[in-house]
1. I want to confirm something. Restricting to region B:325-351 and keeping residues that are in contact (Cβ under 8 Å) with a residue 12 or more places away in the chain and of a type in the set (G, A, S), which single residue is surrounded by the most Cβ atoms within 10 Å (Cβ to Cβ)?
2. Here are some residues: B:A156, B:A127. Which one is more than 12 Å from every other protein chain (Cβ to nearest Cβ) and of a type in the set (G, A, S)?
3. What number of residues within region B:247-261 satisfy the criterion of being over 11 Å from B:F340 (Cβ atoms), more than 8 Å from chain A (Cβ to nearest Cβ), part of a helix (DSSP H, G or I) and within 46 Å of the chain's Cα centre (by Cα)?
4. With respect to A:K162, is the statement that it is basic (K, R), away from every other protein chain (no Cβ under 12 Å) and out of contact with any Phe, Trp or Tyr (no Cβ under 7 Å at 6 or more places or on another chain) true?
5. What is the number of the single condition among (1) among the hydrophobic types (A, V, I, L, M, F, W, C); (2) in contact with a Gly (Cβ under 8 Å, 6 or more places away or on another chain); (3) more than 24 Å from B:Y25 (Cα to Cα); (4) surrounded by fewer than 17 Cβ atoms within 10 Å (Cβ to Cβ) that A:L254 does not meet?
6. Taking only region A:168-192 into account, find how many residues are more than 9 Å from every other protein chain (Cβ to nearest Cβ) and closer than 19 Å to B:F64 by Cβ.
7. Quickly run through region B:186-213 and pick out the residues that are over 30 Å from B:A274 (Cβ atoms) and surrounded by 24 or more Cβ atoms within 10 Å (Cβ to Cβ).
8. Across region B:31-40, what is the total count of residues that are farther than 21 Å from B:M404 by Cβ and out of contact with any Gly (no Cβ under 9 Å at 6 or more places or on another chain)?
There are 2 protein chains.
Amino acid sequence: MAPVRSIRERVPPLLTDMYQFTMAYAYWRAGRHQEPAVFELFFRHNPFGGGFSLFAGLHDCQLFLRSFSFTDEDVEFLRSVLPPATDPAFFQFLRGLDCSGVTLRSVPEGTVVFARVPLMEVAGPLAVVQLLETSLLCLVNYASLVCSNAARFRLAAGPRRKLLEMGLRRAQGPDGGLTASRYTHIGGFDLTSNVQAGFLFGIPVAGTMAHSYVTSFTSLEEVWPQTLVAVSGDPDPVDFISLTKGWLSRVCELLGAEPAKIREGELAAFLSYAIAYPQNFLPVIDSYSVGCSGLLNFCAVALALCELGFRPVGVRLDSGDLCRQSVDVRHVFRLCSDHFSIPAFDSLIIVGTNNISEQSMAELNKKENEIDVVGVGTHLVTCTRQPSLGCVYKLVEVRGRPRMKISEDPEKSTVPGRKAVYRLVDTEGHPFLDLVSLALEPRPEAGVPLTCFPLGCDNSAVSITPAQVTCLCQEMFTKGQVTHPLCSAAETRAKVQGSLQTLHPRHKRLQEPESYTVALSEKLHNLVREIRRGSSNDSNFLLAN
Amino acid sequence: MAPVRSIRERVPPLLTDMYQFTMAYAYWRAGRHQEPAVFELFFRHNPFGGGFSLFAGLHDCQLFLRSFSFTDEDVEFLRSVLPPATDPAFFQFLRGLDCSGVTLRSVPEGTVVFARVPLMEVAGPLAVVQLLETSLLCLVNYASLVCSNAARFRLAAGPRRKLLEMGLRRAQGPDGGLTASRYTHIGGFDLTSNVQAGFLFGIPVAGTMAHSYVTSFTSLEEVWPQTLVAVSGDPDPVDFISLTKGWLSRVCELLGAEPAKIREGELAAFLSYAIAYPQNFLPVIDSYSVGCSGLLNFCAVALALCELGFRPVGVRLDSGDLCRQSVDVRHVFRLCSDHFSIPAFDSLIIVGTNNISEQSMAELNKKENEIDVVGVGTHLVTCTRQPSLGCVYKLVEVRGRPRMKISEDPEKSTVPGRKAVYRLVDTEGHPFLDLVSLALEPRPEAGVPLTCFPLGCDNSAVSITPAQVTCLCQEMFTKGQVTHPLCSAAETRAKVQGSLQTLHPRHKRLQEPESYTVALSEKLHNLVREIRRGSSNDSNFLLAN
């Protein structure tokens, strides 16, 4: 599997926007390429109209920085697309470039985060940190988006139900599918249908059969072998078809069903599958009609398996009203359990998969239903409701001097300077405010009141006293080395659940959440004000000359 | 760049859903794995509420089939996730598997296609063609969707404007971004910002500068070198800053602008870029204020370039009302051209990039504007309006016998049997009907009337006479070999435009298009009826036994 691992472990440095190279050359030409510069990565709005997001993609960014370098072939290609007048020495410069001068500080992967908070700080030579922009955005944007989407599905589903990701066929190609599997697992999904994701990331994989398997059978003559050996006792093979037929008659009688409506091909498919996997029997039962055929065939085969000492697993429903059907199916399972005294029928699971959206998942939780496992594909991986996160990467400091983009649209203005981010926690252990301050300011102290300026609140100050303070960002990469251990998907998944656990329910509500406060320290607030004020006076160079 | 090429040229066979393997084992266990089977790939609704789609992804499917085989490592992983009772001989079988028994017939890449028409027919041993399902869907779904989306943007933009794809940072990770670049180019985009896509697929790349470049400068002192040598004539370097300052005064005078509002940092950025790329000057002019600063700075630098014999390229607008601003900007260009007698100012281009959607593109076409190049990112690559296509892969024949899924939802029923698809063309050269017939039926003849049954029309027959008939599907892969040449992105792009050209405008309308007719031949229609009728009688095996 080297090829797939490779694209994830070595995202090529050409996977960026052309203008990064034209800018890098202009910096180089002006002798500015080595100037120390700092960029920040953040997003402006929590996705899906929610109150939070999850930060993900760091792992891939660390690998990208570590492997960042241009091959001769890369450089030759750049020579062919940059203007002919480009100084050849620039290509020599590119050929020798790496991230040994870059330091990445970042929120840890899997942390709950909020709009406007700097998630990553990338410091290093101006030309290099500029070149990294698009690749880092590409690696963080979708990972964080789909991870947050998964967390919302997890919240909508409640903690009891198991969630299966099955979106590969709807993702943006092979790597889109792998990224989706990885980050939805991190966001709270339990299982994936994507075998390659299981292979690469250790995510538990699941899946049994599709409708095509059922429709590929037409008659019992296609079932082969036709026998099974009981788990214990008699070592002679049992005629499993006859055994099942007997059970089918009894099931039909118990339920008052019409044998004429039962599909022979479906029964053949179930028999054949059960003979292949007597301990893993979980067929899809809606290829024809659940009530008239699929459920009856399932019960007959499952009862025959039980008689031989096997333990059938359950059924999958893939169309129609999943809630109602699951209740009907569970009712039949209980009837069989009682009537035939087969307690294994009390622990059968019901899997539901039918174009599940966040909304239908939430409705599922409100209506009576008996669904144990929910499979989600399209709406999960494509993030239908908001298919992009909109992270941006903004310059905040050059040569130690703060930089700010002052836009006519105040929302598009940036916050200048190198920063620290502190998460302030209340006496009940819930985070209640993220404080963005200048990096050189002292750390806020627990129990000590401080004044700050919440963003989006018209410059009014508030005074607050945190019960605890944690520093949100850590050094993740410096001098060419990953300095914070790369986390496995399972570790990050645990971190996500922990981080979500402490968040107050009012911010986790899927509908109309209360917005979490992000505030600037007094010093940072003053710096913004000064730069804004200064900017209206600093441009009279034309008059002065 | 081997790694990225690899994931595209060798999609691993584990990149599929788990149930493909459990089904393959069940087939193998029942001795059915070598049975000849045929699957069809199609979608049920044209995307984006439109009247057509484009078929794309074939190229990647051909490469996938050619390289399909399991490594020892793959097989060991499968052994660890399949139930412990799985017969070890099955893993030997997998280890030796390839697509030498598979034949792919398909619509050519880049063809205009419609809902319900079989786009691909995959024939081969049952277990193998089952295993291919998810990978083929993954490769076709997003490619076709984003290609169709690009074609709609192309239609909305009109033929004159150049279109630039710049969605890498919003795509589903690195490979999502590459897939988007490739297939939006095929769908009609002219340029991409994605350098790796240029490298791999030969797509022209474009891009000049971001706001960060502008905000990284604060004063003219940062401009270095400060001189330029004229294109012809005097070989002595000219003080380019003084030259530009002179022009800036004249421009301010001409336009009655206030020099005090001009941003020195922005001028420094433009000067520095122009000195680096005197023949490729195209700055982003809205970092502060277009009218009060960016446009004036551009004109001054561009006029200075013209004086030295260079040819400035144009400007980029990235915020606000692009139409209005482009008109204002063009007006200023014309004033400069007239007043200073600089004809180069008549051919400056204006690039617009600001969260363009299909709708805003269409509006752009209705309002007065002067935008020559439009850059599109998020809405193009994420296909915001409908982020998945919904292709499905259905079994239509096993051992020469037609197979049909008869669903309670008639739309989810499939059309059985191995088929041929003919595109019928009217006397004006427009396709008007796609005829789906059984593969063994004679080909319809031009000028000869035929009876067929349009889908979705309550079984009523129509009689039609085609002026021309083309067979839509061709053999693309057989006996382990690609039998239809792999097309370059440029070739397929030309094919798309040709295919769209012949489509009648009524089907191409972006809003409320007239739906294109897809019909079954009389024989196929009858087969469907027979199977439906038969299906209600063939299930009395229980009674009979």
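1. So, considering only residues that are in contact (Cβ under 8 Å) with a residue 12 or more places away in the chain and of a type in the set (G, A, S), the one surrounded by the most Cβ atoms within 10 Å (Cβ to Cβ) is B:S326.
2. Unique residue meeting the criteria: B:A156.
3. Count: 1.
4. yes
5. The failed condition is (2).
6. So the answer is 1.
7. At the first step, the residues of region B:186-213 found to be over 30 Å from B:A274 (Cβ atoms) are B:186-188, B:200-201.
Selection gives B:I186, B:G187.
8. Here is the first cut: in region B:31-40, the ones farther than 21 Å from B:M404 by Cβ are B:31, B:33-34.
Now narrow it down to the ones that are out of contact with any Gly (no Cβ under 9 Å at 6 or more places or on another chain): B:31, B:33.
So the answer is 2.
The values are calculated or read from the model by the stated rules, or taken from the named source; none is laboratory data. Not measured: the values here are computed from a predicted model. FYI the Cβ positions are ideal-geometry reconstructions off the backbone, even for glycines, and counts take in every protein chain you see.
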